[in-house]
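Have a look at the structure below before the remarks.
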Amino acid sequence: MNAVACSRIELAMTALAHNQSLITFVDGKANSLLLMNSIFLATGAAAARSALGLIGLSLAALALLLCVAVIAARGVGLTCRDPARLVFYQDILLRRSPGDYLADLRDQPEEAVLESTARQVYGLAGIVERKFRAYRRAQHVTLLAAGTWVANLLLPLLP
C-alpha cells in the first residue's frame, strides 16, 4: 500500500473515530436530559392540578420523547454488500467467516477502501448531525420544563 493511500485511509479512520465519539457524547447528554425529565414527571404528578403544573408535565413528557429520538437517531441501513466496507461490525459480520473477511481485507484495492471509508465517514457525520439537531430540541424543551417545574414549586410559597 502506498504512503499517500495509507495516510488518507488513516485520516478517514480518525474522522470515523471522532464522529463516533461525538455520537457517544450526545447520547450521554440525552440520557442526562432523559433522567431530568423523568424526575420532573415523577415529582410533578401532584402539581398537575394547576394549569402551570399540567403545562410542566406536558413539556417534560415531550422532552422525554425528544430525548428518546436522540438516542434512536441512526443512519440508513446497508442495502448491499460492499467488499471494500471493512470497518463497522455489521460489515465484518456480513462475511461468512474470518477467512472471508481477511480475503476482502487483502484483496480490496486501496482506492476502493478509501472511497468506501469516505462514504462511511460521510454517513456517520449525518448521524451526528441528526443526533445534535434532536438534542438541541430536547434541551430547549427540557429547559422550559425545568422552568415550569421550579415555578410550580415556588408558586405556593408566594403570598
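Laboratory data are not the source of any read-out in this text; all were calculated from the coordinates shown. Since the structure is predicted, the reported quantities are computational estimates derived from the model, not experimental observations. Ideal geometry is used to build each Cβ from the backbone, glycine not excepted, and the neighbour counts take in all protein chains shown.
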Check your understanding: Got a sec to turn the phi values of the stretch 149-156 into Karplus ³J(HN,Hα) couplings, 6.51 cos²θ - 1.76 cosθ + 1.60 with θ = phi - 60°, whole Hz, x for Gly and Pro?
Key -> 5, 5, 4, 5, 6, 7, 3, x
Exercise for review: Have a look at Asp27, Asp107, Asp91 and tell me which one the Gaussian network model of the chain (Cα, springs below 10 Å) gives the largest fluctuation.
Suggested key: Asp107
Review point. Taking the Cα atoms of the stretch 1-65 alone, what are Rg (to one decimal) and Dmax (as a whole number) in Å?
Key: 21.6, 70
Review point. Can you work out ³J(HN,Hα) from phi for every residue in the stretch 15-28, in order, using Karplus 6.51 cos²θ - 1.76 cosθ + 1.60 and θ = phi - 60°, giving whole Hz and x for Gly and Pro?
Key: 5, 4, 5, 5, 5, 5, 5, 5, 5, 4, 4, 5, 5, x
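With the Cα gyration tensor of the chain in hand, give its eigenvalues times 5 under a square root as the equivalent ellipsoid semi-axes, listed largest first in whole angstrom.
Details: eigenvalues 461, 41, 20 Å².
Working from the Cα gyration tensor, I get semi-axes of 48, 14, 10 Å.
What is the percent of Cα-Cα separations in the stretch 64-141 that go past 16 Å?
Numbers: 1751 of 3003 pairs.
Everything past 16 Å amounts to 58 percent.
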**Study point:** Among Gly123, Leu144, Leu11 - extreme Cα towards positive end, dipole of the chain, charges at beta-carbon
**Key:** Leu144
Study note, to complete from the structure: Taking Phe132, Phe25, Phe40 and counting other beta carbon atoms within 10 angstrom, the fewest-first order is Phe25, Phe132, Phe40
Practice item. Over the residues of the stretch 28-117, compute the C-alpha Rg and express it relative to 2.2 N^0.38 Å. Key: 1.90
Check your understanding: Computed over the Cα atoms of the stretch 101-147, what is the ratio Rg over Rh, Rh following Kirkwood?
Key -> 1.41
**Study point:** Cβ-based net charge around Tyr135, under 11 Å, with every Lys or Arg adding one and every Asp or Glu removing one
**Key:** +4
**Study point:** Percentage relative contact order, the chain, counting C-alpha pairs under 8 Å, at least six apart
**Key:** 40
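Work through the residues other than Gln20 whose Cβ is under 12 Å from its Cβ and net out their charges, Lys, Arg +1 and Asp, Glu -1. Write out the running numbers ahead of the final one.
Values: positive: Lys131; negative: Asp27.
That works out to 0.
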